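**Q** Handing you this structure, nothing more for now.
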Amino acid sequence: MQVNMTVNGQEVSEEIEPRHLLVHFIRDQLGLTGTHWGCDTSNCGTCVVLIDGEPVKSCSTLAAMAGGHQITTVEGLEVDGELDPVQEGFMNCHGLQCGFCTPGMMLTARALLNKNPDPSEAVIREAISGQICRCTGYSTIVRSIHWAANKETKVSLGSAS
Amino acid sequence: MTTTEPAPNPAEEAAEEERPIGFGRLLRKEDPRLIRGMGNFVDDIQLKGMLHLAILRSPMAHARIVSIDVSAAQAHPKVVAVITGADLAEQGLAWMPTLSNDTQAVLATDKVRFQHQEVAFVVAEDRYSARDALELIDVEYELLSPVINVRKALDPDAPIIRDDLEGKTDNHIFDWETGDEAATEAVFLNAEVVVSEEIIYPRVHPAPMETCGCVADVERVSGQLTLWCTSQAPHAHRTVYALVAGLPEHKIRVIAPDIGGGFGNKVPIYPGYVCAIVASLVIGKPVKWMEDRTENLVSTGFARDYVMKAQIAATKEGKILAVRSEVLADHGAFNGVAAPVKYPAGFFGVFTGSYDLQAAHAKMTAVYTNKAPGGVAYACSFRITEAVYMVERIVDCLAHELKMDPAELRLKNLIKPEQFPYTTKTGWVYDSGNYEPAMRMAMDMAGYEELRREQAEKRERGELMGIGVSFFTEAVGAGPRKDMDILGLGMADGCELRIHPTGKAVVRLSVKTQGQGHETTFAQIVAEEIGIPPEDIEVVQGDTDNTPFGLGTYGSRSTPVSGAAAALVTRKVRDKAQIIASGMLEVSVADLEWTKGSFAVKGDPSKSVTIQDIAMRAHGAGDLPEGLEGGLEAQICYNPENLTYPFGAYICVVDIDPGTAVVTVRRFIAVDDCGTQINPMIIEGQVHGGLADGIGMAMMQMIAFDEDGNCLAGSLMDYLIPTALETPDWETGHTVTPSPHHPFGAKGIGESATVGSPPAVVNAIVDALKPYGIRHADMPLTPSRVWETMQGNHTPPI
């Protein structure tokens, strides 16, 4: 079957099998290997992408279901050579070690900050609780997301004045 | 000498960076690609014409294979090949050696010995078709009785699992013993207080986020095999392939690209790797094999599975005199433990802990059962997790009996600083330590006295709050080659350093990061020694064609062994640089003084040359001192003289809901000492990860089996991993007691927290349950198991 969607701002139109999972479509067919796969059962969240701005586990989504929607993957976070503050936060606060869960974590963080620019620690922990990191123990991920929130708050205050 | 520092302030940590030329907090060199999704993990690799391999696994734990019909699978239009154990046997490849000199079936030929054992594989044009075709293979099994209960494995009527081994008439693997049994017995006979407890460390699994897998590519004409593989030890893997399959070693290139976490799970060689190599060899195309999550959990290297009968002897005043134990070890169907050959029980011998004892003794029996093979994994430092858990649990049981505070009991018995180097009653030589300041710092950070007051008040009100303490000593950096080898390969590590003409450098390691940050820390080690900024130093690792031989990254050995190699190879290069500098400045070598990055004439600092100047001269047209070759590079192989012994003091605070038995970890304080610190940010990260592991093991995880041998933990819905909701904001601090024998005083840190945290969590939960008269409860302390314990119905998990 034919599927059409927008991935990181680019229109894509591809032939797929109806059973193809979105994660495999993104990785194998589009070659965007920043989205990872980790568990089959939607427990680990390393496959999270944004569909119309909402974090979704692409291992439990058929590629066909994404038809007509806007998909953002980790490759879409950096715009015109400028890193997303979430990406900067993860680097600055040691929010990653092996880097395998990182793309999914960052996309969830991006979606959270879009809705709530000043989240508390409890809100951040709740937001990423559908995702697993084996390396960091989460504290530095929480700090990374705080860092991004602080930077964005400063930037928006700056532009307001 | 020990220095102490309080916990870093996270707000300061996120401040603008100074970039140290050497040790200090430095952002990671690997991050810019990983945060852009531009890492290169095994499953990211796509080669032209690449085929996909999927493995058919046994649904039974113990069964004879009567027949396998692959005809329908072979008829699938996208299937290229279907291979069974019988096919491999024709090539002599049906069995492979394990890292413990046992054998393991690549594909079962005679019978299956654990549920999910590899039976056949399919190679197809895409991954979906490969999976489809597995459904078309028809295997007829004749069911055999399985051995699941480890305590019954040596019963006279137990079915024999390893009848493939000639003359094997039972399920016994080995007996092992350490310490002085008679001396220990004498101490116990005369002791005022003896406390005994059966302490179980259940089977758990490291479950890295990236599962195991590989891409094998055999070039038909040259016979060159390139294997991209999730390997923590690419050189060791290459040599084993050469020894097993008879492939010439120089025709094998193992590349471990970015690895999504290892934790010991990626040390062994798994049947899937061998299958992919065979498939590529036979078909002449690249073949990819990636496990799914279930395969990872049910078939690859598990950890622990020790039943430990522990005893401790002490005076009434709380002076600990001796510890002894008898251990029953479940190794699964094949003995796949990855430990030095002379250490079948790993480094369990450090079960004497951090205490000054009069005697100690342990003996162990290891057995086969119808479960997946493995045994050393999950950041255990070769069984030190088990040893530390046992001693820290039995010390708490002693505190319970003596009605003493567990922190006070530990303080009373810790080895004193003047006793180092300290030889334990089981023969381990602890290189350096200063334990009491670490313990005091943890207690200060926790506000220990205040917590105890709060607990007393809460108990009055019927609320359940627990404070758990653990103090651990690790033994990492395997190891001295006279004692330690894996399959005959000495546990030394090579390192090569080359300074380019413009003063940039490349350092090549034998070890391989799985997230620990080697690209950053090894550049910092070289920078510290020679003054070239870390950003000018390229770190090459994980490619056997482009790095020197060494045994890889596990057991927290990278910094103690390979880190030492990196420092010493840099000093070797610096020595040559000094000779070149003496020619450039026209003074004798002895008249030169090194300050980081340059040599200057003693007494005249204006006359100096930088390492970059020297590098250009080393490759340039000018004269070099007589007899000196051009170039500026060196290679060494470092053989450590001893292990390094990091240590730490941990305090965990929990609250238990009396109505639901749900445990909340409210606080966790960790003070670690890993000697000289290379990058405090990375060290803190290593500790945090291990602390989360501890909560997982203590409260959530177990690879359990039913009586038929069905694995009950085959997904992340059944095998739980802590999320951001089960973990607190870690409170860390450190002391610094350098290793006297490591070139710059460092010790390993990768596994300290995984070793030290489970007893702290369990001790806290048991402490909370003190009003119920509880002295011991076994992991995993899930709400249901805590509830049963509160009702007086605690049962061992195995």
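**Q** Averaged across B:36-46, how many Cβ atoms of other chains sit within 10 Å of each residue's Cβ atom?
**A** Mean shielding count: 6.
**Q** Okay, next question. Could you check the simple spin-label distance between B:Glu192 and B:Glu140, using points 7 Å along Cα→Cβ, in nm with one decimal?
**A** Calculated label separation equals 7.2 nm.
**Q** Moving on to the next point. Considering the Cα trace of region A:2-76, what is its radius of gyration and what is Dmax, both in angstroms?
**A** 10.8, 30
**Q** Mind listing the lone cysteines of chain B, meaning no other Cys beta-carbon sits under 4.7 Å from theirs?
**A** Singleton cysteines: B:Cys212, B:Cys275, B:Cys380, B:Cys397, B:Cys495, B:Cys637, B:Cys652, B:Cys674, B:Cys711.
**Q** Can you work out the accessible area per residue across region B:173-258, with the rest of the protein chains kept in place, probe 1.4 Å, in square angstrom?
**A** Ligands and nucleic acids excluded, the figure is 36 Å² per residue.
**Q** Once label points are set 7 Å from the Cα along Cα→Cβ at both B:Glu125 and B:Ser715, what is their separation, rounded to one decimal in nm?
**A** The two pseudo-label positions are separated by 3.1 nm.
**Q** Given a Förster distance of 30 Å, report the FRET efficiency between B:Lys596 and B:Phe549 from their Cβ-Cβ distance, rounded to the nearest 0.05.
**A** Working: r = 30 Å, r/R0 = 1.01.
Calculated transfer efficiency: 0.50.
**Q** Decide, for region B:561-712, between rounded, prolate and oblate: order the square roots of the alpha carbon gyration tensor eigenvalues as a ≥ b ≥ c, take rounded if a/c falls under 1.5, and otherwise choose prolate if a/b is larger than b/c, else oblate. Before the final figure, lay out the partial values.
**A** Values: a/c = 4.69, a/b = 2.82, b/c = 1.66.
Prolate shape, in that a/c is at least 1.5 and a/b is the bigger ratio.
**Q** Which number comes out as Rg/Rh for region B:338-470 once both Rg and the Kirkwood Rh are worked out on C-alpha atoms?
**A** Numbers: Rg = 17.9 Å, Rh = 17.3 Å.
Radius of gyration relative to Kirkwood radius: 1.04.
**Q** Just reorder A:Val155, A:Val74 by solvent-accessible area, largest first, 1.4 Å probe, all chains present.
**A** A:Val155, A:Val74
**Q** Then there's this: At 1.4 Å probe size, with no ligands or nucleic acids counted, give the accessible surface of B:Ile656 in Å², nearest ten.
**A** 10 Å²
**Q** Can you put A:Cys44, B:Cys637 in order of accessible area, largest first, using a 1.4 Å probe?
**A** B:Cys637, A:Cys44
**Q** Mind ranking A:64-73, B:166-175 by how tightly packed they are, going by the mean number of other C-beta atoms within 10 angstrom, highest first?
**A** Going from most to least packed, we get A:64-73, B:166-175.
**Q** In addition: Please give the residues of region B:376-402, grouped as numeric ranges, whose backbone N is less than 17 Å from a label point set 7 Å along the Cα-to-Cβ vector of B:Lys316.
**A** Zone members listed by number: B:399-402.
**Q** Related question: A drop of at least 20 square angstrom in accessible area, chain alone versus all protein chains together, probe 1.4 Å. Which residues of region B:701-733 meet that?
**A** With the partner chains in place, region B:701-733 has these residues losing at least 20 Å²: B:Leu716, B:Met717, B:Ile721, B:Pro722, B:Thr723, B:Ala724, B:Leu725, B:Thr727, B:Asp729, B:Trp730.
**Q** How big is the accessible area of B:Leu47 in square angstrom, nearest 10, if you roll a 1.4 angstrom probe over the protein chains?
**A** Surface open to solvent at B:Leu47 totals about 50 Å².
**Q** May I ask you to list the aspartates and glutamates whose Cα is less than 14 Å away from that of B:Lys48, ignoring any residue fewer than eight positions away on the same chain?
**A** A:Asp28, B:Glu125, B:Asp126, B:Asp217, B:Glu219
**Q** Right, another one. Could you state how much accessible area B:Phe420 has, in square angstrom rounded to the nearest 10, with a 1.4 Å probe and all protein chains kept in place?
**A** Accessible surface of B:Phe420 is approximately 30 Å².
**Q** Provide the packing ranking of B:202-211, B:36-45, i.e. peptides ordered by the mean count of other C-beta atoms within 10 Å per residue, highest first.
**A** Top to bottom by mean Cβ count within 10 Å: B:202-211, B:36-45.
**Q** Next question, about the same structure. Over region A:1-130, average the accessible area per residue using a 1.4 Å probe and give it in Å², no decimals.
**A** The answer is 37 Å² per residue.
**Q** Then there's this: If you put +1 on each Lys and Arg Cβ and -1 on each Asp and Glu Cβ, how big is the dipole of chain B around its Cα centre, in Debye rounded to 20? Kindly include the intermediate steps, with their values, before the conclusion.
**A** On the way: 69 positive and 107 negative charges, 113 e Å.
Using Cβ point charges on Lys, Arg, Asp and Glu, chain B gives about 540 debye.
**Q** Lys/Arg Cβ at +1, Asp/Glu Cβ at -1, dipole of chain B taken about the Cα centre: which of B:Pro658, B:Ile277, B:Ile499 is farthest positive-ward?
**A** B:Ile499
**Q** Can you tell me how chain B classifies by the Cα gyration tensor, rounded, prolate or oblate, using a/c under 1.5 as the rounded cut?
**A** Oblate.
**Q** Tell me which lysines have Cα within less than 17 Å of B:Lys482's Cα, excluding those fewer than 8 residues away on the same chain?
**A** Straight-distance partners of B:Lys482: B:Lys342.
**Q** Output the direction-averaged projected area (hull surface divided by four) of the convex hull of the alpha-carbon atoms of region A:85-160, in nm².
**A** Convex hull of Cα atoms, orientation-averaged projection: 4.5 nm².
**Q** Using protein heavy atoms only (no ligands, DNA or RNA), what is the total accessible area buried between A and B, 1.4 Å probe, nearest 100 Å²?
**A** So the total buried area for this chain pair works out to about 4600 Å².
**Q** May I pose another question? Please report, as a whole percent, how much of the solvent-accessible surface of chain B comes from carbon and sulfur atoms (probe radius 1.4 Å).
**A** That share works out to 50 percent.
**Q** If you roll a 1.4 Å probe over the heavy atoms of the protein chains, what accessible area per residue do you get for region B:641-710, in Å²?
**A** Heavy-atom accessible area per residue stands at 22 Å².
**Q** Another question about this same structure. A drop of at least 10 square angstrom in accessible area, chain alone versus all protein chains together, probe 1.4 Å. Which residues of region A:82-99 meet that?
**A** The answer is A:Leu83, A:Gln87, A:Met91, A:Asn92, A:Cys93, A:His94, A:Leu96, A:Gln97, A:Cys98, A:Gly99.
**Q** Which trypsin sites (Lys or Arg not before Pro) from region B:603-699 combine a DSSP loop assignment with at most 16 other Cβ atoms within 10 Å? Please report the intermediate quantities before stating the final value.
**A** Details: sites: B:Lys607, B:Arg617, B:Arg666, B:Arg667; in loops: none.
Listed in order of number, the matching sites amount to none.
**Q** Between B:Met209, B:Ser145, B:Thr737, whose Cα lies farthest towards the positive end of the dipole of chain B when Lys and Arg beta carbons carry +1 and Asp and Glu beta carbons carry -1, centred on the Cα centre?
**A** B:Thr737
**Q** Please report the antiparallel percentage of DSSP beta bridges with both residues in the protein assembly as shown, rounded to the nearest 5.
**A** On the way: 124 of 153 bridges.
Roughly 80 percent of the DSSP beta bridges within the protein assembly as shown come out antiparallel.
**Q** Just list whichever of B:Lys266/B:Lys572; B:Lys111/B:Lys309; A:Lys115/A:Lys151; B:Lys504/B:Lys572; B:Lys152/B:Lys425; B:Lys512/B:Lys596 have alpha carbons separated by over 22 Å in the model shown.
**A** Flagged as over cut-off: B:Lys266/B:Lys572; B:Lys111/B:Lys309; B:Lys152/B:Lys425; B:Lys512/B:Lys596.
**Q** Let me ask something additional. List, largest first, the extents of the alpha carbons of the protein assembly as shown along their principal axes, each in whole Å.
**A** Principal-axis extents of the Cα atoms in the protein assembly as shown, largest first: 79, 74, 69 Å.
**Q** In terms of Cα to Cα distance under 25 Å, which lysines are near enough to B:Lys458, apart from those fewer than 8 places away along the same chain?
**A** B:Lys403, B:Lys770
**Q** Work out which residues of region B:505-523 lose at minimum 20 square angstrom of accessible surface when the other protein chains are put back, relative to the chain isolated, with a 1.4 angstrom probe, and list them by number.
**A** Buried on complex formation: B:Gly515.
**Q** Once you put a point 7 Å from the Cα of B:Asp175 and another 7 Å from the Cα of A:Ser156, both along the Cβ direction, what distance in nm separates them?
**A** Distance between label points: 7.1 nm.
**Q** Could I ask something else about it? Using a Förster radius of 25 Å, what is the FRET efficiency between A:Ala122 and B:Glu463 based on their Cβ-Cβ separation? Nearest 0.05, please.
**A** Values: r = 22 Å, r/R0 = 0.87.
That gives a FRET efficiency of 0.70.
**Q** Starting from 0 in steps of 5 Å, tell me what percent of the Cα-Cα pairs of region B:373-448 lands in each bin.
**A** Reading the bins upward from 0: 3, 13, 15, 20, 24, 15, 7, 2, 1.
The values are calculated or read from the model by the stated rules, or taken from the named source; none is laboratory data. Here the structure is a predicted model, which is why all the values come from computation and not from measurement. Virtual Cβ from ideal backbone geometry, glycine too; neighbours counted across all protein chains shown. Surface areas here come from the heavy atoms of the whole protein model, side chains and all, with no ligands, DNA or RNA. Shrake-Rupley method; radii C 1.70, N 1.55, O 1.52, S 1.80 Å.
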